[in-house]
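Report on one structure; see the data block that follows.
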Amino acid sequence: MKGCYVRLTRSETLSQLSSDAALGSNVFTELRNRFRTIPRTMIGPVQETRDCIPTQWIFRNSVRDVLRYLKLEAEQPYRMLYDLTAIDERSRAHREGQPASDFTVVYHLLSFERNADIRLKIALTVADPQLPTITDIWPAANWYEREIWDMFGIVFAGHPHLRRILLPPTWTGHPLQKDHPARATEMEPFRLPQDKQNAEQEALRFHPEEWGMRRAHDGADFMFLNLGPNHPSVHGVFRIVLQLDGEEIVDAVPDIGFHHRGAEKMGERQSWHTYIPYTDRVDYLGGVMNNLPYVLAVEKLAGIEVPDRVKVIRVMMAEFFRIASHLVFYGTYAQDVGALSPVFFMFTDRERVFDIVEAICGGRMHPSWYRIGGVAQDLPNGWDGLVRDFLEYMPVRLDEYDKIALGNRILKARSRDVGSYSVDEAIEWGVTGPGLRACGFEWDFRKARPYSGYDQFEFDIPTGKRGDCYDRCAVRVEEIRQSLRIIEQCLNHMPAGSYKADHPLTTPPLKKRTLQDIETLIDHFLGVSWGPVIPPGEAFMGIEATKGNNGYYLISDGSTMPYRVRIRTPSFPHLQMIPLISRGGMISDLIATLGSIDFVMADVDR
């Protein structure tokens, strides 16, 4: 495809890129053939990107028709609204070949039948930042459109409840606009006098009528109950307002944003390499796995090909963190449904994982160890012995846990046929990862779209049948075993070579480029302090993270800092399903459902 100028890796052959180009050309041909004779429906130019995702500009009056066609009418439909975000283009210098735009709304769609994505862009002006809603096409668009309005001030006409979602309802301004302050030092000192505190608290009061709810029915009053934001069963600062008829859930309104820290805004003021520690704090149970999609996206932008040793080291450490995260899930889920002992055993085993992580990375939960072009340092002496001991220890423990937790009749009774959804519902709401596989859909991005050399590993994809709480738990338990298989292959087949690419844009720069002359010394100093200058362009990379597909959509304007950092997290769309899968159940069922989703609020709120 013209403009697809990603440097090839060993696992990305010319034939594969030719296939990507053909997919892009095919869908563009489909769109033009479908809409060229329809009045008022206009297709714009194709944009060159560095990630090979077909990127098509469309006109505002075409957006609903084009999206409806791609989802419902195309022969191989794009059934999942994978992501929906926006860009403030007003300060961007490098927009060659793109239409004039103050704000750009970006629709990212995923087709499982094609195993391909498409990116659609719509240009808006600052005088009229408005688009029609697509919540009637994809219900998952609800939160995404609210987020865009909250962050950018773009209005989605016809949205059922367009209000702030991540920021307080009293917030002034839209933070991802370029003219909004990025640091507290650029704003007035924070003050909270009593009258303001009272106003803030009143603004948080829940009014059922605003959400289309009734206070009474057939002569009986409904009860409205706040679950959270400080209840332990909601796994973080997360509030759900429940409409109850007795103990039966009539409806639920999730309320997020209490953990929002402006992670995407911070990306605009950090250098490319100093942003890496921020990624660790998104899914704070995922550790270096959070670094992986970010550095892979930067490497696409920079044209960096990493050595095979780097790929295998990254895979091994990512799988260790998958095990650590799943152990937290396993223990806390058992605790949520009444088994109090397993969590202590499983957290103890998680500490064994952290002992290995600390020995290799120097840190435990948030080592921030991956680097652009490689990892921070090579594997230390004795790493193989630590890994081998763990591989001998852990399978026996998992067998014990099957008896005390997964095989426990109380856990089964609390989990079977609770919080169920189908494959079609999962795709409709943007579910990825174990939650999608629990429905019986064998889809794993490590297999479907191998990255970092995953195509060289042998492992199975666990699936369920019912898509209920129990299956979501069982899938994750089996994934621990598959991660152990992958780690064993890393141990037995660790390639020789360097832990960093021989490329001028790696971070920190290679030492051998330091003392040749004064120019190389200056270049090294600037590379360490200010970071590399990444060529202008756009690139997305998504991986199979602990909770689903986690992706970074990065835009470079040819600077030492990103122009736009978009974090597509799995937990954000997953929580949207709570009303759907909780209606008609009991509060106790909701506790089990929340635990089975396996989310962290930093992953939702960013």
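The values are calculated or read from the model by the stated rules, or taken from the named source; none is laboratory data. Since the structure is predicted, the reported quantities are computational estimates derived from the model, not experimental observations. Here Cβ is always computed from backbone atoms with ideal geometry, including for glycine, and neighbour counts include all displayed protein chains.
What the table below lists for this structure:
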| quantity | calculated |
| --- | --- |
| Qualifying position, being of a type in the set (G, A, S) and surrounded by fewer than 17 Cβ atoms within 10 Å (Cβ to Cβ), among G362, G374 | G362 |
| The range 582-595, subset in a helix (DSSP H, G or I) and not polar (S, T, N, Q), residue farthest from the chain's Cα centre (by Cα) | I587 |
| Out of R60, R64, R79, R92, sole residue that is in contact with an Asp or Glu (Cβ under 6 Å, 6 or more places away or on another chain) and either assigned by TED's automatic domain parsing to the domain that holds E145 or within 18 Å of E113 (Cα to Cα) (or both) | R92 |
| Inter-residue pairs, beta-carbon under 7 Å, first modelled with pLDDT of 55 or more and surrounded by 12 or more Cβ atoms within 10 Å (Cβ to Cβ) and in the range 16-36, second among the β-branched types (V, I, T) and not in a helix (DSSP H, G or I), 6+ apart | V27/I118; F28/V46; L31/I43; F35/T41; F35/I43 |
| Hey, D349 buried (at least 20 other Cβ atoms within 10 Å of the Cβ), touching a residue at least 24 places away in the same chain (Cβ under 8 Å) and farther than 30 Å from E299 by Cα or not | yes |
| Answer from P573, P579 - the residue that is more than 20 Å from the chain's Cα centre (by Cα), under 28 Å from D424 (Cβ atoms) and at pLDDT 90 or above | P579 |
| Which numbered condition I240 misses (of (1) farther than 30 Å from G373 by Cα; (2) surrounded by fewer than 23 Cβ atoms within 10 Å (Cβ to Cβ); (3) over 18 Å from the mean Cα position of the chain (by Cα)) | (2) |
| Cβ-Cβ under 8 Å pairs, at least 6 apart or on other chains, the range 275-304 side more than 17 Å from F354 (Cβ to Cβ) and without any contact (Cβ under 8 Å) to a residue 40 or more places away in the chain, far side hydrophobic (A, V, I, L, M, F, W, C) and assigned to a helix (DSSP H, G or I) | Y278/A263; Y278/M266 |
| Enumeration of residues in the range 364-419 that are touching an Asp or Glu at 6+ places or on another chain (Cβ under 6 Å) and under 16 Å from I487 (Cα atoms) | L391 |
| Residues of the range 532-551 satisfying the condition of being of a type in the set (S, T, Y) and on the phi > 0 side of the Ramachandran plot | none |
